[in-house]
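Written below as structure tokens is the structure these notes are about.
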Amino acid sequence: MKVNKKSWLALGGLAVASIVLAGCAGSGTPADSDEGGDASTELTVWVDTERVDALKDAAEAYTEKTGVEVDLVGKDVDNIKNDFIQQAPTGRGPDVVMGAHDWLGELSSNGVVAPIELGDTAADYAPVALQASTYEGTTYMLPYAVENIAVLRNADLIPEAAASFDDMIAKGTAAGLATPFVVEQGVEGNPYHLYPYQTAFGAPVFGTDAEGNYDPTDLQMGNEGGFEFATWLGAQGAAGAFNTDIDGQIAKDKFLAGEAAFWLTGPWNVGAAVDGGINVAIDVIPSPTDAPAQPFAGVKGFFVSSESDNKVAANDFLVNYIGTEDVQLSLFEAGNVLPALTAAADAAASDPIIAGFQAVGAEAVPMPAIPQMGAVWEFWGVAEAAIINGSDPTATWQKLVDDVTTAIQ
């Protein structure tokens, strides 16, 4: 899917009309019910400072409808999780906090989040967003955005999408490029960006149970497909397709300079490419096998504090106000991240770039939010970097599996 600078900048022109929120249906307390709160009730909502303005209309509409004051507090995104974990048990924390789904394991383990009742509105969200918002069978987060990586292609250099990983390299080589493809790695590796290729070999990190929950006792990256991926990774490292000397900045520089035609990255880098005059196309990640290359999906949303005295009002505000097309589009405009609500995502996808990421996201899987994932991150990237740099793929991958297994146990 191709887009030019004019198209990308037009995202700011999405018609997000003044928010009309009355009468929204959901499982939360109806907005016009006295049970939603009273004039003495106040909701304190911690929000990423960049998204405070996007929520002001919703907060004012909720207060006007219910009498419940909503205090939006801008917080530094780097500190918001730790501050919430520390303050929630003391009763000084917020009623609602904005955050990421991969916090769920930690938040749940610390007992600082309460379940959310989505009711009939659950069907209105992208399946991956709903799955990511659920932990051990319970929904804890109202999702508002889904983020995943995709391949950015310089459509002036390569007019058509690649049919496979090998085809991508071949197309770039035929175009006279010494570096057809770039992806961020660095000396400690970057398994987040390599994960689509690992899944293409049938080796997800963990297996899942019947309800789709990740099972930490089922380390699937240690299956036969994991070792096949490791062997392939070593071969690609030797061929130069992956390089630990290429960090995020170098990858960007090579793509912007036209030295690379394909760049595996996220929506956060699209603006730089468009501003750099690149005719950007967004492609599905070319797979090295017959199976799809499935990236991680990161889902952002809102949690209700387990210590809140206003859980009913908090649930109502999230489900019936934040969970509306207008508000999710407003949040989209603030960050250019695909909305979690399907109707809002479809509206945002009128832009080809967003449509491209949406298409790739249809194959994405939630990044595991279980606490055991920390043991995987500790060893994963270093092992992959070693394989890229020539270490024995089988022995290195086996050590990775053994280290992770020991750490989890």
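What follows draws every value from the coordinates through simple rules; no lab data is involved. None of the values given here were measured: they were computed from a predicted structure. Note that each Cβ is placed from the backbone with ideal geometry, even for glycine, and that neighbours are counted across all protein chains shown.
Averaging 1/r over every pair of different alpha carbons in region 44-98 and inverting the result gives a Kirkwood radius of 11.7 Å. For region 77-82, the Karplus equation 6.51 cos²θ - 1.76 cosθ + 1.60, evaluated at θ = phi - 60°, returns couplings of 4, 6, 10, 4, 5, 5 Hz by residue, with Gly and Pro reported as x. Per-residue 3J(HN,Hα) values for region 386-394, derived from phi via the Karplus relation 6.51 cos²θ - 1.76 cosθ + 1.60 with θ = phi - 60°, read 5, 5, 4, 8, x, 5, 4, x, 5 Hz in sequence order (x marks Gly and Pro). Each peptide in 55-68, 308-321 was scored by the mean count of other Cβ atoms within 10 Å over its residues; highest first, the order is 308-321, 55-68.
To the nearest Å, what is the center-to-center distance of region 142-157 and region 242-285, using C-alpha atoms only? Rounded to whole Å, the Cα centres lie 11 Å apart.
Each principal axis of region 166-258 carries a Cα extent, and these read 48, 24, 23 Å when sorted largest first. Evaluating 6.51 cos²θ - 1.76 cosθ + 1.60 at θ = phi - 60° for every residue in region 171-184, the Karplus couplings come out as 5, x, 5, 5, 7, x, 9, 6, 10, x, 9, 10, 8, 4 Hz, glycine and proline recorded as x.
The relative contact order of the chain comes to 29 percent, based on Cα pairs under 8 Å that sit 6 or more residues apart. Using 1/(1 + (r/R0)^6) with R0 = 35 angstrom and r between the beta carbons of Ala235 and Asp53, what's the FRET efficiency to the nearest 0.05? That pair, Ala235 with Asp53, gives E of 0.10. Summarising the amide proton neighbourhood of Asp218: residues at separation of 5 or more, or on other chains, whose placed amide H is nearer than 5 Å comprise Gly207.
Using only alpha-carbon positions, what ratio does the radius of gyration of the chain give when scaled by 2.2 N^0.38 Å?
Normalised Cα radius of gyration, the chain: 1.02.
Taking amide H as placed 1.01 Å from N in the peptide plane, the amide H of Ala241 sits under 5 Å from none that are at least 5 places away or on another chain. Based on alpha-carbon atoms, the Kirkwood radius and the radius of gyration of region 103-208 give Rg/Rh equal to 1.11. Reachable aspartates and glutamates from Lys252, Cα under 16 Å, same-chain residues fewer than 8 places away excluded? Cross-link targets: Glu184, Asp275. Placing unit charges on the Cβ atoms only, positive for Lys and Arg and negative for Asp and Glu, gives region 296-370 a dipole magnitude near 180 debye about its Cα centre.
Close amide-amide hydrogen proximity is noted between Ser306 and Val113, Ala114, each under 5 Å apart and 5 or more residues distant or on a separate chain (H modeled in the peptide plane; Pro and chain starts excluded).
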